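In what follows, a structure is listed as structure tokens, so that the remarks can point back to it.
Throughout, read-outs are computed from the coordinates displayed, never taken from laboratory work. All of these numbers come straight from a predicted model, not from anything done at the bench.
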Amino acid sequence: AEGIANGWFPFAPDLVVEVLSPSDRASELQEKLDDYLAAGTAAVWVIDPARRALEVHTADGRSRRLRDGDTLDGAPV
């Protein structure tokens with residue numbers, strides 16, 4: 001397939017997991033989120049190891065923040 005030959009898959013993944021690092025900038029992260037969701041990704045998990053937290057962003061524009069001890073159910077994927 002043409003997309004795979006040039007290093008890119010011709011579809012969006014159902015789930016993307018981003019792990020924050022100290023050098024990540026909020027504007028770059030937001031741009032990635034927008035790109036993933038616009039391409040058809042159903043959910044993006046953003047893990048913040050320093051805060052022991054996770055944000056779940058979904059294609060319908062909703063987001064929620066989970067902390068240590070909360071339950072991650074994997075919906076809508």
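Name the long-range amide H neighbours of ALA12: under 5 Å, sequence gap of 5 or more, or other chain; modelled H, no Pro or chain starts. Residues meeting the criterion, in which the H sits 1.01 Å from N, do not exist here.
Relative to the first principal axis of the alpha-carbon coordinates of the chain, what is the inclination of helix 26-39, with its axis defined by its Cα atoms, in degrees from 0 to 90 and to the nearest 10? Roughly 50 degrees, rounded to the nearest 10.
At 222 nm, what helix-only mean residue ellipticity would the chain give, in deg cm²/dmol to the nearest 500, using -39500 (n - 2.57) for each DSSP H run of four or more? Don't skip to the answer; put the middle values down first.
Values: 2 runs with 18 residues, N = 77.
Rounded to the nearest 500, it is -6500 deg cm²/dmol.
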